[in-house]
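The values are calculated or read from the model by the stated rules, or taken from the named source; none is laboratory data. Note that the structure is a prediction, hence the values are computed from the model and not measured. Counting neighbours? That spans all protein chains shown, and the Cβs are built from the backbone with ideal geometry, glycine included. Accessible surface areas use protein heavy atoms only, side chains included; no ligands, DNA or RNA. Shrake-Rupley method; radii C 1.70, N 1.55, O 1.52, S 1.80 Å.
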Amino acid sequence: MSVVPAEVLPGGALGVQETPARHATAELGPRARLWPALVAVYRAQLSRARVARIPLLFVATFQSVGIMILMRGVVDGGGEARAVVAGASVLVVAFVALNLLAQYFGQLRASGGLDHYATLPVPPAAVVLGAAGAYASFTVPGTAVTAVFGCLLYGLPLTHLWVLALVIPLAGAALAGLGAAFGLLAPRPELATLLGQLGMSAALLLGVLPAERMPGVVRFARDLLPSTYGVEAFSRTFGPAPDWAFVFGDLAVCAGVGVVSLALATWAYRRAAVR
């Protein structure tokens, strides 16, 4: 009986081990595209936040309506009334985009919830935009109710309220990006809450109060606030002959700031997710 080395056998064990199947690697599935991932995150966040929808709408709307009623005693009409109504309407957006979104991402980071999103094959921008869009969606009824109530309270025309369809998403994007960045960059959730509340307070004081009564330094700070341009665009539409070039110019500024702030929030998400 002779012994033949396995190397010389045509179908030997070594030949089986050397087959291409040994070196084959499993192929990963394609990474989700931005738009489908964004829609999926938006629906998930919308379903999650639906539980708190009624309290959210009530608090944000009641706050803005109460401010307009208080200001009615010191503001009679004219440009000051336009500033109050426009500022109070945009304040509903700021309450959610700055305050609640900063709290949400701050708690998500502190509880380790970002690890869940980091394991999903979705772009970071989809997570930020989906969460921001879901929270901003709840501001639409409150903003519309505030604007209508303010116009009736101060005797302003209701003709151009359709501009809110542009003001809400553009101002909301600019403020939501800042709110998400506050929550993702803050080392502790308490600090994220503080930053969100400070931002909302700035939107309240600098957006609702008429600019003509502010000192020069405060006016400069007002110009740095993204929501200011949404307030200006909305307030211009209450005039007898709105200058649409200025209206759309202010909205373009909101859009530009929104792109920058959402890009900042996306970078902050990547930075927080890898830690």
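Using a 1.4 angstrom probe on the protein heavy atoms only, could you order Ile69, Ile168 from most to least accessible area? Before the final figure, lay out the partial values.
Values: Ile69 90, Ile168 20 Å².
I get Ile69, Ile168, largest accessible area first.
The Rg/Rh ratio of region 168-244, with both radii computed over alpha carbons and Rh defined as the Kirkwood radius, is 1.05.
Please work out the average accessible area per residue across the chain, using the 1.4 Å probe convention, and give it in Å².
Details: 14240 Å² over 275 residues.
On a per-residue basis, the chain sits at 52 Å².
Could you give the size of the charge dipole of the chain about its Cα centre, using +1 on the Cβ of each K and R and -1 on the Cβ of each D and E, expressed in debye and rounded to the nearest 20?
Roughly 360 debye, rounded to the nearest 20.
Of the peptides 196-202, 139-145, the order by per-residue mean of other Cβ atoms within 10 Å, starting with the highest, comes out as 139-145, 196-202. Magnitude of the charge dipole for region 70-216, about its Cα centre and with charges confined to Cβ atoms of Lys, Arg (+1) and Asp, Glu (-1), is about 40 debye.
After finding the eigenvalues of the alpha carbon gyration tensor for region 125-186, what semi-axes result from the square roots of 5 times each, listed largest first in whole Å? Before the final figure, lay out each step's value.
Details: eigenvalues 163, 24, 17 Å².
So the equivalent ellipsoid measures 29, 11, 9 Å along its semi-axes.
Mind running the shape call on the chain? Use the C-alpha gyration tensor, a ≥ b ≥ c as the square roots of the eigenvalues: rounded below 1.5 for a/c, prolate if a/b tops b/c, oblate otherwise. The shape class here is prolate. Thr146 sits among other residues whose Cβ lies under 15 Å from its own Cβ, and their net charge, with Lys and Arg +1 and Asp and Glu -1, is +2.
Dipole magnitude of region 155-256 about its Cα centre, charges +1 at Lys/Arg Cβ and -1 at Asp/Glu Cβ only, in debye to the nearest 20? Please list the in-between numbers first.
Values: 5 positive and 6 negative charges, 30 e Å.
For region 155-256, the charge dipole is close to 140 debye.
Here's the picture: charge each Lys and Arg Cβ at +1 and each Asp and Glu Cβ at -1 in the chain, and of Leu225, Val93, Pro210 the one pushed furthest to the positive end of that dipole is Val93.
For the chain, adding -39500 (n - 2.57) for each run of n ≥ 4 DSSP H residues and dividing by the number of residues yields -23500 deg cm²/dmol at 222 nm.
Give me the base-10 log of I(q)/I(0) for region 123-275 at each q in 0.10, 0.13, 0.16 Å⁻¹, Debye formula, one uniform scatterer per Cα, rounded to two decimals. Calculated log10 I(q)/I(0) at the listed q: -0.39, -0.64, -0.94.
Using a 1.4 Å probe over the heavy atoms of the protein chains, calculate the carbon and sulfur portion of the accessible area of the chain as a whole percent. After summing per-atom areas, the C and S share lands at 68 percent. Taking K and R as +1 and D and E as -1, what net charge do the other residues with C-beta under 11 Å from the C-beta of Arg236 add up to? Result for the local shell: -2.
Among Leu158, Leu175, Leu209, the largest mean-square fluctuation in a Gaussian network model of the chain (Cα springs under 10 Å) belongs to Leu158. The string of couplings for region 206-213 from the Karplus curve (6.51, -1.76, 1.60, θ = phi - 60°) is 8, x, 7, 5, x, 5, 5, 9 Hz, one whole number per residue in order, with x for Gly and Pro. Dipole orientation for the chain: of the candidates Ala81, Leu120, Thr159, Leu120 has the Cα lying most toward the positive pole (charges on Cβ; Lys, Arg +1; Asp, Glu -1). In the elastic network of the chain, a GNM with C-alpha springs shorter than 10 Å, the most mobile of Gly177, Gly79, Gly216 is Gly216.
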